[in-house]
Every structure is written in structure tokens, then in C-alpha cells.
Amino acid sequence: SEYETIITESADGIGVITLNRPKALNALNTTLMNEVVAAAEQFDADPDIGAIVITGSERAFAAGADIKEMSDKTFSEVVSESFFGAWDNLSRLRTPTIAAVTGYALGGGCELAMLCDILIAGDNAVFGQPEINLGVIPGIGGSQRLTRAIGKAKAMDLILTGRQMKVDEAERAGLVSRVVPAAECLATAKEVAVTIAGKSSIAAGLAKDAVNRAFETTLTEGVRAERGLFYSTFATDDQTEGMAAFVAKREPDFRNR
Ligand code: HXC
């Protein structure tokens with residue numbers, strides 16, 4: 001494979017990225033970040049790929065940023081290399097992304113899962129932002145995305161104490177989309193991805209964009225943006241096809257244009 005720290009595969013209109021540093025519980029080092037981002041951008045640019053799954057192993061989705069890589073870094077180094085800034089590129093993908101999370105999703109691992117659009121969790125998943133235990137704080141969006149996902153009460157609790165949260169608490173708090181038996185997590189995520197890949201990729205990209213606006217703007221502006229995106233779908237062949245198929249009582253054949 002062209003990659004050192006991940007495994008990629010594609011089939012049925014979906015791309016799958018598997019984090020593959022088992023000895024380090026998939027700790028996120030710079031190589032892994034660059035490879036995940038490159039693979040995701042390559043899938044995003046591929047017109048045959050309609051959804052992307054990111055997964056780890058049964059024991060660990062990812063146990064955080066690679067502490068051994070980070071430990072000797074200085075302030076001027078992390079600033080001048082925009083340390084871990086490339087993760088932001090994942091939030092700019094048009095293709096929907098699904099995290100299939102089993103085992104530990106801690107620190108940067110939890111942040112990577114939250115960078116995805118949908119989070120499918122196995123029943124053994126454990127979430128947390130334990131950076132405070134290392135004398136640092138979340139740095140890949142955790143303080144923002146966790147707070148938006150589960151609210152201030154639990155986000156403050158998790159980020160200030162560094163405690164781990166089991167999947168039942170995470171589901172009650174609204175962090176995860178679905179919980180399934182750990183052994184079925186990846187298969188379920190792939191099914192969800194195949195389902196999404198069967199939609200109009202234009203509509204899917206706009207839908208994702210619209211939902212994400214809710215975190216960026218006021219209600220009035222968000223509804224206005226949604227209306228404009230909705231109107232724009234009427235410029236697509238897929239709108240014509242989707243509605244014609246409904247009326248004719250047949251399955252739509254979306255061509256992504
Ligand atoms: C580097 C890690 C690692 C990490 C685990 N390992 N997490 N290496 N970075 N984040 C390595 C261990 O050193 C060990 O290697 C091997 O993986 C197995 O881990 P163990 O600790 O032996 O396993 P276990 O006892 O089962 O405990 C699992 C664990 C624990 C609870 C997940 O590993 C842990 O607490 N990890 C650190 C979690 C964390 O603090 N994450 C946040 C990182 S900061 P050896 O060679 O000893 O066998 C962060 C900041 C993001 O994410 C923002 C940056 C900008």
C-alpha cells in the first residue's frame with residue numbers, strides 16, 4: 001500500500017480508511033494525520049465515492065494524539081508548524097464522513113470521531129478528552145465540537161476532569177448517532193455509507209452543508225442559507241429524476257448532476 005499508518009479500500013461507492021497503528025492504539029502522529037487527510041481528500045475528489053468511513057480497531061478507534069511524538073515539542077515548534085492544523089481539512093470535505101468507533105476514542109481520537117458527520121459507536125466505545133491529565137487541552141476542536149454536541153455541563157465535566165465516558169452515557173448525551181454491538185460496528189457504518197452513496201451526491205453535499213450551518217450562524221441566517229441551498233437543488237437533474245421516480249413508483253437513478 002502507498003500508506004504506512006492507514007489501510008484504504010473502496011467498493012460499492014464508498015471509501016474506507018482504517019487507522020493502522022495497533023501497537024500504539026492508533027495514536028495520531030503527523031504521518032497518520034497526513035495520510036488520513038490525503039486519503040480522505042482523494043476519496044472526496046473521486047466521483048465514484050459517495051461516502052467515507054473512518055475506523056480503527058476493536059480495542060481502539062484512536063487513543064489520542066501521539067504523546068511520544070508530542071512530548072518534546074516546544075511552543076515555537078507547534079506554532080510554526082501549525083501542529084495538527086491539517087486535521088481541519090476533514091471538515092471541508094463535501095463527501096459525507098462516518099466514524100465507526102469501537103474501543104477507545106480519547107483526546108484526538110474523540111476529536112477525529114467528532115470531525116466526522118455521523119458517529120456509529122460499538123457498545124465497547126469509550127470517549128473522553130483526557131488532555132488535562134497531560135497538562136494540555138484539546139487541540140483538534142474538542143472544546144468546541146464536544147460542547148456543541150453534548151452541551152456545556154458534560155463538556156466541562158469531561159474536559160476539566162479528563163474522565164472517560166462509556167458509550168451509554170455518550171449516547172444519552174447525544175454524542176453518537178447509533179450504538180450497535182462492537183462486532184457489527186464497521187459493517188453498520190458501511191451499510192450507512194452505502195445508503196448515503198445511493199443518494200444524489202449533490203443533494204448529500206448540500207444537506208451536510210446545511211446542517212453544518214446550524215453550528216456557524218444564527219437561526220434566521222441558517223434558515224435563509226438552507227432555503228437558498230434547497231432552491232439550488234432544482235437546478236439539478238437529480239431533483240427531476242428523484243421526483244419523477246417517486247411519481248412513477250420506481251427507484252430513482254441519481255447521476256450526481
Ligand atoms: C502514544 C500511546 C497513546 C498515545 C496509548 N499508547 N495511547 N502512545 N500516544 N496517545 C501506547 C502506550 O504507550 C502503549 O505502548 C500502547 O499504546 C498500549 O497502551 P497501554 O497504555 O499499555 O494500554 P492500556 O493499559 O489498555 O490503556 C489504554 C489507554 C491508555 C487508557 C487508552 O493507553 C491511555 O490513557 N492512553 C493515552 C490517552 C490520552 O491521554 N490521550 C490524549 C492524548 S493528547 P507501549 O510501547 O508502552 O506498549 C491529545 C491532544 C490532541 O490527544 C490535541 C493535539 C493538538
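The values are calculated or read from the model by the stated rules, or taken from the named source; none is laboratory data. Nothing here was measured: the structure is a model prediction, and the numbers come from that model. Neighbour counts run over all protein chains shown; Cβ positions are idealised from the backbone, glycine included. The area values use the complete protein model at the heavy-atom level, side chains included, leaving out ligands, DNA and RNA. Shrake-Rupley method; radii C 1.70, N 1.55, O 1.52, S 1.80 Å.
Couple of notes before you dig in:
- Carbon + sulfur, % of accessible area of the chain - ligands and nucleic acids excluded, 1.4 Å: 54
- For the stretch 30-69, the solvent-accessible area of protein heavy atoms averages 41 Å² per residue (probe radius 1.4 Å; ligands and nucleic acids excluded).
- The stretch 70-110 versus the stretch 197-257: alpha-carbon centroid distance in Å: 29
- Cα shape, the stretch 94-135, gyration tensor, a/c 1.5 rule: oblate
- Gyration tensor (alpha-carbon) shape descriptor, the stretch 69-110, a/c threshold 1.5: oblate
- Summarising the label geometry, the points placed 7 Å from Cα in the beta-carbon direction at Glu9 and Ala248 lie 3.6 nm from one another.
- The order of Asp88, Asp157 by accessible area, most exposed first and with a 1.4 Å probe, is Asp88, Asp157.
- Gyration tensor verdict on the stretch 1-126 (Cα atoms; rounded if a/c is under 1.5, prolate if a/b is larger than b/c, oblate otherwise): oblate
- Applying both filters, DSSP loop and at most 16 other Cβ atoms within 10 Å, to the chymotrypsin sites (Phe, Trp or Tyr not before Pro) of the stretch 168-252 gives Phe215, Phe234.
- Modelled spin labels at Glu221 and Asp123, positioned 7 Å past Cα toward Cβ, are 4.4 nm from each other.
- For the pair Ser177 and Arg59, the difference between a 0.36 nm per residue extended length and the Cα-Cα distance amounts to 40.5 nm.
- Probe 1.4 Å, accessible area per residue of the stretch 171-257, Å²: 66
- Kirkwood hydrodynamic radius computed over the stretch 71-159 comes to 14.0 Å, based on all pairs of distinct alpha carbons.
- These residues, Tyr104, Tyr3, go from largest to smallest accessible area, 1.4 Å probe, as Tyr104, Tyr3.
- Every pair of different Cα atoms in the stretch 116-257 enters the Kirkwood calculation, which places the hydrodynamic radius at 17.8 Å.
- Pairs of Cα atoms in the chain fall into 10 Å distance bins, from 0 up to the last occupied one, in shares of 7, 29, 35, 21, 7, 1, 0 percent.
- Ordering of 63-73, 49-59 by packing [mean C-beta count within 10 Å, highest first]: 49-59, 63-73
- Between helix 142-161 and the chain: long-axis angle, C-alpha atoms, 0 to 90°, nearest 10: 20
- Cα gyration tensor of the stretch 206-257 - equivalent ellipsoid semi-axes, whole Å, descending: 27, 10, 9
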